[in-house]
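So the structure is just underneath, and the comments pick up after that.
The values are calculated or read from the model by the stated rules, or taken from the named source; none is laboratory data. Computed from a prediction, not measured in an experiment: that's the story for all the values here. A quick note on method: Cβ atoms are made from the backbone with ideal geometry, for glycine too, and the neighbour counts reach across all protein chains shown.
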Amino acid sequence: MFVWMVDLEEDIRSLQLDSAAEDINGVVNPEDEKPDVDKMDEDPKQEVQAQSVEAEPKAKVKEILSVQDEEDEQMKKRHLNVVFIGHVDAGKSTTGGQILFLSGQVDDRTIQKYEKEAKDKSRESWYMAYIMDTNEEERVKGKTVEVGRAHFETDTTRFTILDAPGHKSYVPNMISGASQADIGVLVISARKGEFETGYERGGQTREHVQLAKTLGVTKLLVVVNKMDDPTVNWSKERYDEIESKMIPFLKQSGYNVKKDVSFLPISGLMGLNIKTRLDKSLCSWWDGPCLFESLDSIEVPMGDPKSPFRMPIIDKFKDMGTVVMGKVESGTIRDGDSLLIMPNKDHVKVVAIYIDENRVTLAGPGENLRVRLSGVEEEDILSGFVLSSAANPISTVTEFVAQLQILELLDNAIFTAGYKAVLHVHSVVEECEIVELLQQIDPKTRKPIKKKVLFVKNGAIVLCRVQVNNVICVEKFSDFPQLGRFTLRTEGKTVAVGKITAL
Ligand code: GTP
Ligand code: MG
């Protein structure tokens, strides 16, 4: 099973710009980086509730009087975007909600209210998830639809949680969440049968991992959740079984398991091993860190603040002008900057920049921003457009050459010129067509195969020409990895991952 992928491990990794340095068994050293978790409750910067990406435009933006002070504060702590991924019902929203509760963002009264509401909907155990799942449809069905967004911080890091939906119908929303993230928390249910269903073909555990890696999520924390469940009861055997099954798959997906991945057992619902370490009387075999410690000690390489500015737009709205939302992929943005919105080349001026609720005067790579602009109407912007340096704007194309790795075609179809799919690259979602297969690459030797290629099958690596109907903003993978890596999906399934090699 998946043998072909083993050979491709290196190749997929080349998509991710990983280094292959070795280190200890992937679990962060708890003694080195113990955060002062007790202080977190006193954190003055609190945001009471998660907001979905869609709901965010409604949020009132707080004007901060002393912009400079705020900016200094913002710049002192690093910022990381964490996407919660994993199969439906694994406990992503519950764990996200619990993190907010334990870090003092949600008070007991609100929890009691949610407990009652969950009970009224006959979904007693879902109350923690209600912190992240804010809309009625999500609460009634017990399933996340929109990517929930919330903030919390530890002593060293400001985190934005992006709570992705696990259901397969909402994979495009998950892609949007993962494309904004720096690190991922892969939530796996240890409950009898649930790990198995999530891990099977057709389960979302595998698809989410592959997508996350392709979308630039360089580090993964794999949390084995529901350890409190009666079918698990903190069993070391169950934990080890899940870890040993996940490791080969994570390797195949391009993760350096020793360097980029760590595992830990938790109970999201009970709030165990999240903010404080596990009690030995409950789980004698776990000596490792808790979730907050692990998140705190993850190191992530950041984009270059001096390179040309690029911020793919994921959403826009009207609020005293035009406001766009997105994550800075490269460069720095400052108040008063003159920039271009590509591909339309609309000249705009930066009126205000917000990180979370706070106004700042500049922001660099990795930051999720809301930027108020003058010189453009909200109607003239689409998600997938890119706020760009005016001197050195992002490339615009209707055709490009890419190296594709075919994962799994529907019904084992063949992949040939004329193949149509949906292209996902940064915040762009666009119909595309493969117009020509140029060259097949031998997955084993990595050398081009001389014979002319007319079609390929599952597992193949192939260089091809890809065409889109509308102009899109992309870059060569070698110049801006984040703007040059993409996925192809057909009928709701990811069929290939790729990198752009020529424009
Ligand atoms: P989607 O958003 O639909 O993908 O699901 P999700 O991963 O966000 O799962 P959610 O948090 O909604 O939880 C699903 C169910 O699992 C709920 O009934 C939770 O109470 C339950 N659950 C989550 N975490 C735990 C846990 O640690 N222990 C136990 N026993 N149940 C849990
Ligand atoms: Mg959820």
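Numerical summary
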read-out: Qualifying residue in region 436-449 (condition: of a type outside the set (A, V, I, L, M), within 20 Å of Gln482 (Cβ to Cβ) and under 28 Å from the mean Cα position of the chain (by Cα)); value: no
read-out: Inter-residue pairs, beta-carbon under 7 Å, first within 18 Å of Gln98 (Cβ to Cβ) and within 11 Å of ligand 2 (Cβ to nearest atom) and in region 161-181, second aromatic (Phe, Trp, Tyr) and not in a loop (DSSP other than H, G, I, E, B), 6+ apart; value: Asp163/Phe84; Ala164/Phe84
read-out: Scan of region 482-503 for residues that are in contact (Cβ under 8 Å) with a residue 60 or more places away in the chain and within 20 Å of Phe385 (Cβ to Cβ), ordered by number; value: Gln482, Leu483, Arg485, Phe486, Thr487, Ile500, Leu503
read-out: Residue that is surrounded by the most Cβ atoms within 10 Å (Cβ to Cβ), among those in region 356-369 that are of a type outside the set (Gly, Ala, Ser) and over 18 Å from the mean Cα position of the chain (by Cα); value: Val360
read-out: Every residue from region 75-86 that is more than 7 Å from ligand 1 (Cβ to nearest atom) and either under 19 Å from Ile183 (Cβ atoms) or modelled with pLDDT of 95 or more (or both); value: Lys77, Arg78, His79, Leu80, Asn81, Val82, Val83, Phe84, Ile85
read-out: Residue check, Tyr170 of a type outside the set (A, V, I, L, M) and either farther than 13 Å from Lys92 by Cβ or touching a Gly at 6+ places or on another chain (Cβ under 7 Å) (or both); value: no
read-out: Inter-residue pairs, beta-carbon under 8 Å, first within 17 Å of Leu295 (Cα to Cα) and in region 80-101, second near ligand 2 (Cβ under 9 Å from one of its atoms) and among the basic types (Lys, Arg), 6+ apart; value: Phe84/Lys92; Ile85/Lys92
read-out: Ile274 being away from ligand 2 (no atom under 16 Å from the Cβ), closer than 24 Å to Ile298 by Cβ and surrounded by fewer than 23 Cβ atoms within 10 Å (Cβ to Cβ); value: no
read-out: Residues within region 404-422 that are out of contact with any Gly (no Cβ under 6 Å at 6 or more places or on another chain) and touching a residue at least 60 places away in the same chain (Cβ under 8 Å), tallied; value: 10
read-out: Any hit, region 214-230, residues being out of contact with any Leu (no Cβ under 7 Å at 6 or more places or on another chain), in a loop (DSSP other than H, G, I, E, B), farther than 24 Å from Met132 by Cβ and free of Cβ contacts under 8 Å to residues at least 40 places away in the same chain; value: yes
read-out: Residue in region 105-118 that is away from ligand 1 (no atom under 12 Å from the Cβ) and either aliphatic (A, V, I, L, M) or modelled with pLDDT under 90 (or both) present; value: yes
read-out: Hits in region 128-171 - residues which are small (Gly, Ala, Ser), within 12 Å of ligand 1 (Cβ to nearest atom) and in contact with a helix residue (DSSP H, G or I) (Cβ under 8 Å, 6 or more places away or on another chain); value: Ala129, Gly142, Gly148, Ala164, Gly166
read-out: Scan of region 107-137 for residues that are touching a residue at least 24 places away in the same chain (Cβ under 8 Å), within 16 Å of ligand 2 (Cβ to nearest atom) and closer than 26 Å to Asn368 by Cβ, ordered by number; value: Met128, Ala129, Tyr130, Ile131, Met132, Asp133, Thr134, Asn135
